[in-house]
Amino acid sequence: MPYRNAESTIRQAVDSLLLDPANRDIPIEILAINDHSTDAGPIVIQALAAQDSRLKDLSAPERGIAHALQFGLLHARGTY
């Protein structure tokens, strides 16, 4: 899940994935990929990741959304 300057919405987005009943009984890995945010979004993600090991905090070089998605795929450990 790439994000940039999403401080006001990132917690809700992550909670919607972590708290979804459909994800309760399956192993999931959520990659939050900071695409060069300048707000406090990364601080929010760090705090959430410290509380739930299913959330991984990553930072991609500033190259846009397509690169951030590819960066996430390179760091994913699950089977897909």
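Figures for the structure shown
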{"quantity": "Count of region 1-29 residues which are over 20 Å from residue 74 (Cβ atoms) and in contact with a Phe, Trp or Tyr (Cβ under 9 Å, 6 or more places away or on another chain)", "calculated": "3"}
{"quantity": "Of residues in region 30-55 being outside any helix (DSSP H, G or I) and open to solvent by 60 Å² or more (accessible area, probe 1.4 Å), the one farthest from residue 79 (Cα to Cα)", "calculated": "38"}
{"quantity": "Selection from region 56-80 of residues that are of a type in the set (A, V, I, L, M, F, W, C), under 20 Å from residue 18 (Cα atoms) and assigned to a helix (DSSP H, G or I)", "calculated": "69, 73"}
{"quantity": "Unmet criterion (only one of (1) part of a helix (DSSP H, G or I); (2) open to solvent by 60 Å² or more (accessible area, probe 1.4 Å)) for residue 25", "calculated": "(1)"}
{"quantity": "Residue within region 64-77 that is among the basic types (Lys, Arg) and touching a residue at least 40 places away in the same chain (Cβ under 8 Å) present", "calculated": "yes"}
{"quantity": "Index of the failed condition, residue 48 passing every other in (1) of a type in the set (A, V, I, L, M, F, W, C); (2) touching a Lys or Arg at 6+ places or on another chain (Cβ under 8 Å); (3) modelled with pLDDT under 90", "calculated": "(3)"}
{"quantity": "Those residues of region 56-73 which are under 15 Å from residue 1 (Cβ atoms) and either loosely packed, with under 12 Cβ neighbours inside 10 Å or among the hydroxyl-bearing types (Ser, Thr, Tyr) (or both), in sequence order", "calculated": "59, 66, 73"}
{"quantity": "Single residue of 60, 76, 66 found to be modelled with pLDDT under 95, touching a His at 6+ places or on another chain (Cβ under 7 Å) and aliphatic (A, V, I, L, M)", "calculated": "60"}
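The values are calculated or read from the model by the stated rules, or taken from the named source; none is laboratory data. The model shown is predicted, which means the values in this text are computed figures rather than measured ones. So basically every Cβ, Gly included, is an ideal-geometry build from the backbone, and we count neighbours across all protein chains shown. Heavy atoms of the whole protein, side chains included, go into the accessibility calculation; ligands, DNA and RNA do not. Shrake-Rupley method; radii C 1.70, N 1.55, O 1.52, S 1.80 Å.
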